[in-house]
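Read-outs throughout are calculated quantities, based only on the coordinates presented, and are distinct from any laboratory measurement. Just so we're clear, the structure is a prediction, and the values are computed from it rather than from any experiment. No Cβ is skipped: glycine too gets one built from the backbone with ideal geometry, and neighbour counts run over all protein chains shown.
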Amino acid sequence: MTLKQSKIVKITIALLIISSVFYLLVSIFISSRKQAQAAEGRTIQGNCSVRAIKENGPFSDKIDILFVGISYDSDADVERDARMLLYSPNGFFSEEPFKSYESRFNIWAFNFIGAPDTTMNVQSALATLHTSIIFPQADHKVFMFPKDDFRPFAIPVLNLVYLSFPFMGVFTEDLPRIIVHELGHSIGSIKDEYVEKALGDRPGRPNCARSESQARSWWGSYENQGEGKLKVGYYVGCSYVENNIRPTENSVMNDPYCVLSAPDYDVCDYYGFGIINANKLKEVIESSTK
Ligand SMILES: [Zn+2]
């Protein structure tokens, strides 16, 4: 290598180092900007904006629920359905304790275009979906599928809810009841209070004891409190087997569709979570918000 060649090599290396450092600095700048934007809570991947449906205060002081519409036709349609679930007469904020604590929640909506195709394999699409939505401020995510057909469910350990609108049908008075039930799972880790053997045997606090003696130790001090089918006692059948004990004859965690005024549904003399479940929800809300 001649002196001239070695000079060229040195200059090239120097230029490479300078451009790498420059690239690194630019990357750091972009990523910190992205983080700042994410922290601001207005931006999600691909610079799609998250719409605030209701913003009551900073993320750290509130329970933030993000409604993710899966390939809706428009942002406005996602917002319409989220509002219907939350604010209609039988919706999420009609139910205690959510009603009294409405100002402790922030509500966000986002239309996720390019979501995995669920028409072929719903389960695998759902399994990976939540990892695709990067919005760390969301304490709970509610995925709304307007075109798919599956039974709505929640994954409490991950704070996720999956709703399928075809399953839920056209708008009726009972429809928003399902979000009350599913967010009961997600926010309070409350168990289902019905029997369905195929789903296993999954008792646990606050509302599904393994035995009556365990139930007495968990909610004995509330015995006979409450009215009608929400009166606290020891009822067989909970979280999915006959042997487990639930605290009330019926509740939104047993049959969420029972609505007082709906003509097509059974009129029922209960309307709510019952005191044991409501206390758990209050505890979670009060300890994580202000
Ligand atoms: Zn359930």
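At a glance:
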| read-out | value |
| --- | --- |
| Point-to-point label distance, F59-E102, nm (Cα→Cβ direction, 7 Å offset) | 2.6 |
| Over 30 Å (Cα to Cα) - which of K147/K290; K99/K197; K54/K197; K141/K280; K141/K290; K99/K141 fall in this group | K147/K290; K99/K197; K54/K197 |
| Residues whose placed amide H lies under 5 Å from that of Y194, excluding near-sequence neighbours | S239 |
| Directionally averaged projected area (convex hull, Cα atoms, the range 167-249), nm² | 6.2 |
| The range 78-235: relative contact order in percent, alpha carbon pairs under 8 Å with at least 6 residues between | 17 |
| Protection-proxy order for peptides 205-216, 246-257, each taking the mean of Cβ atoms within 10 Å per residue, highest first | 246-257, 205-216 |
| Equivalent ellipsoid semi-axes, the range 45-165, via Cα gyration tensor eigenvalues times 5, rooted, Å | 23, 16, 14 |
